[in-house]
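Take a look at the structure set out below.
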Amino acid sequence: MKTKELSKHIHTILQNYIKDIIIEVDTYCMSTGKKAKYTFYPAVAIGCEYGHYKSCGRSKKSEIKALVRKISLHPILFTALKKATNVEPEQVIKGYPPIFVGTCAEDHAANEILLKMGGKGRITSLNEIKFTKPRRPRTFEKRKMCQTCKLVFQ
Amino acid sequence: MNTYLYEDVVNLDIDWYCIINNRLVHVASNAGQIPKNFYSIKDLEKIHSIVNRLPKSSEVITNEEWIKTVVTEYYEQEDATFQEKIDLYTRSFVQKAQKGFISFDRVYEFESSDQYHIVAAPVDVVNADDKKYYDLRPLLLEYNIKDFDFSMSANAIDLVNIINEQ
């Protein structure tokens, strides 16, 4: 992980991202009728940057489907995930434990960066994206990167 | 019933609640499993919503020994003091204890075995049949578990399996 090369700004962005999650989860009230972005904490949140592009992501419920259907998984990330795991990223492979591809906070954050970039500039390799340490939003504890993310992003 | 699936809970740190031996229990799932045949997603969200609105009226005791272990192992922010790290870790659990819940966290290292520790609890015993839990109690699943140890010095327990066996 190239954490030393990260700008200080991305850590502040991640802190604010997590603070927003905390406020929403701790004040969630069903009777207001307001649709909550977060009812419960995600297990992990992370920040990442590429050049001046910065983004945060979180692990989340049914993320595979959400990424593909709502955010649309960027082709570069889709291909990298498929190559690393031999699994189509929009599919959950049942079994115990099931295989999850594209569900991590890293995928979400990197996907946001790739989508923000659009046609501007090119990333030749996903390991050019620099990540903060993964954090548990409830407590700010550090977490480890999973094996799939290491394969895809390191 | 629309419940959380395995592929959902591994990505979430869900707050789940129940009553064990007439004591209110809160658990942070920390990407671990939740008991089988538990609440629907909607019911769990409703319970969470009601708990958020409960007053903070209990004095709280924390599991200092366990908290120090976690903070030493999982925090590295150089700009925060040890006490600030403790506050970061305990914030969510203390909030629940102030509302009368004995608050558990999942031990992260034991990913497959789902072990839980008490992090915070009310100083005085709070019973689930207290009138301030009038709206909440009918929604909570209740368990009577023989010899369940609520003491801070208790070893980590396999809470989900214990409940599944009831």
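Only the coordinates and a few stated rules stand behind these numbers; no lab work does. What you see is a predicted model, and the numbers here were worked out from it, not measured in a lab. All Cβ positions, even for glycine, are placed from backbone atoms using ideal geometry, and neighbour counts span all protein chains on display.
Sorting B:121-134, B:143-156 by average packing, meaning the other beta carbons within 10 Å per residue, from highest down gives B:121-134, B:143-156.
Roughly speaking, what is the stretch gain from A:ARG122 to A:THR27, that is 0.36 nm per residue apart minus the C-alpha to C-alpha distance, in nm to one decimal?
On the way: separation 95, 0.36 × 95 = 34.20 nm, distance 4.07 nm.
Once the chain is fully extended between A:ARG122 and A:THR27, it gains 30.1 nm.
Here segment B:38-166 is treated as a sphere whose radius is the Kirkwood value from Cα pairs; by Stokes-Einstein at 4 °C and 1.567 mPa s it diffuses with a coefficient of 80 µm²/s.
Using the 10 angstrom Cβ neighbour count as an exposure proxy, how do B:SER49, B:SER92 rank, fewest first? Provide the component values of the computation, followed by the final result.
Values: B:SER49 17, B:SER92 24.
By the 10 Å Cβ count, ascending: B:SER49, B:SER92.
Can you compute log10 of I(q)/I(0) for segment A:1-51 with the Debye formula, treating each Cα as one identical point scatterer, at q = 0.32 Å⁻¹? For segment A:1-51, the Cα-only Debye profile gives -1.23.
Express in whole angstrom the spacing between the alpha-carbon centres of segment B:135-155 and segment A:1-57. What the calculation gives is 33 Å, centre to centre. Annotation for segment A:103-154 versus segment B:1-34: alpha-carbon center distance of 27 Å.
Among the GluC sites (Glu not before Pro) in segment B:12-92, those located in a DSSP loop and surrounded by at most 15 other Cβ atoms within 10 Å of their own Cβ are B:GLU59, B:GLU76, B:GLU78.
Add +1 for every Lys or Arg and -1 for every Asp or Glu among the other residues with Cβ under 9 Å from the Cβ of A:ILE10, and state the total. Within the 9 Å Cβ shell, the charges total +2.
3J(HN,Hα) couplings calculated from phi for segment B:58-63 with the Karplus curve 6.51 cos²θ - 1.76 cosθ + 1.60 (θ = phi - 60°) are, in sequence order, 9, 6, 10, 10, 10, 8 Hz; Gly and Pro show x. Computed from the C-beta positions of B:ARG91 and A:LYS82 and an R0 of 41 Å, the FRET efficiency is 0.55 to the nearest 0.05. Sorted from greatest to least, the principal axis extents spanned by the alpha carbons of the protein assembly as shown come out as 62, 45, 38 Å.
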